[in-house]
Structure formats: structure tokens, C-alpha cells
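The next block holds one structure in the form of C-alpha cells; read it before the comments.
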Amino acid sequence: MQAYCPTCGVDRTMQAYCPTCGVDRTMQITVRNESFPTRGTWVTVEAQVAICPTCGADVSVASLDDATLRSVYHRYRVEHGLLTSEDIVQIRRQYGWSQQQLADVLGWDPRTIVRYEQGALQSVAHDQQLRSLRNPDAISQA
């Protein structure tokens, strides 16, 4: 897949199935601002969108949609003062812990750590628990 190049600003193309036309064809990838409802607020990000050159319909492409969702969640975190996925990884690595070890310390399922590190949006309560681990003295209290 070729995607939009932010360095050169060139739109690209990719193969995808257009459900409107019922045909697999080369789609134009364009970038536009899109807004998404996220926890009671709207978050606007630059999203890469596949467009069918024949019918003009937006075509859902999992890889583009996933990238957009990660951008939405990252923007939400920044705007609301939550830890980013990178911050969560950094906290875990600060102690040399695996995802399982961090989950054990917090009393969470390890899949929760995996999801947060891969971009899922954490709750405020989980964010506060994670943030408390930045202070090494907090470990005995976790």
C-alpha cells in the first residue's frame, strides 16, 4: 500500500474494493480534516481517506481507518492531559517490566496494557494509576 506522504504532500493510490460499484479498483488517497465524537467531545484530525474514482464514494480501508482512530485517541489524550501510549511504554520500561509485570502491579488484565500501548484510550482512573507509577515511591502503594 502506498499512503499519503506528509513530507512531499503528494496524494497516493491503493487497491481497495468499492462496495458502491462492486469492484476492486485503484482508489485515490486524499487527506482531509474529519471530526469524531470521543467521550462527549469532538476531536478533529487529518485523516487519510480512500475515494473511488468512479463513483466518488468514500471507501473504508481498515489500515487507514485504524490510523485515523489512533490519531483521534492521541489528540484526545493530548487535549485532555492523559498519558500517551508512548508515555505508558516509558513508565513500564522505567522499571524494566514486561507488560505482564505492569499488569500484575496494577491488578489489571495484561491485555489492557497491550491495548493502551497500541493506542486504545484509557479511562481517567487508569490514567491516574499509571501516572502514579512515575513516582517510584508509589510502587509499594499500587
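The values are calculated or read from the model by the stated rules, or taken from the named source; none is laboratory data. These numbers come from a predicted model, not from an experiment. We place every Cβ from the backbone using ideal geometry, glycine too, and count neighbours over all the protein chains shown. Remember, those area values only see protein heavy atoms, side chains included, never the ligands or the DNA or RNA. Shrake-Rupley method; radii C 1.70, N 1.55, O 1.52, S 1.80 Å.
Odds and ends about this structure:
- Among (1) closer than 30 Å to Q48 by Cβ; (2) open to solvent by 50 Å² or more (accessible area, probe 1.4 Å) - the single one A120 does not satisfy: (2)
- Top-ranked residue of the range 38-54 - restricted to ones that are loosely packed, with under 15 Cβ neighbours inside 10 Å and of a type outside the set (S, T, Y), ranked as nearest to Q15 (Cα to Cα): P53
- Within the range 1-28, residues that are over 18 Å from A47 (Cβ atoms) have Cβ atoms under 9 Å from residues that are modelled with pLDDT under 95 and assigned to a loop (DSSP other than H, G, I, E, B) in these pairs: Q15/M1, counting only partners at least 6 apart in sequence or on another chain.
- If you check R77, R93 for being surrounded by fewer than 15 Cβ atoms within 10 Å (Cβ to Cβ) and basic (K, R), only one passes: R93.
- Residues located in the range 1-43, provided they are modelled with pLDDT under 95 and among the charged types (D, E, K, R): D11, R12
Matching residues to (1) open to solvent by 40 Å² or more (accessible area, probe 1.4 Å); (2) among the aliphatic types (A, V, I, L, M); (3) within 28 Å of A67 (Cα to Cα):
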{"site": "S98", "(1), (2), (3)": "yes, no, yes"}
{"site": "A103", "(1), (2), (3)": "no, yes, yes"}
{"site": "I113", "(1), (2), (3)": "no, yes, yes"}
{"site": "Y116", "(1), (2), (3)": "no, no, yes"}
{"site": "A125", "(1), (2), (3)": "yes, yes, yes"}
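- G107 fulfils the conditions (1) over 21 Å from the mean Cα position of the chain (by Cα); (2) more than 28 Å from R12 (Cα to Cα); (3) surrounded by 13 or more Cβ atoms within 10 Å (Cβ to Cβ) except for a single criterion, (3).
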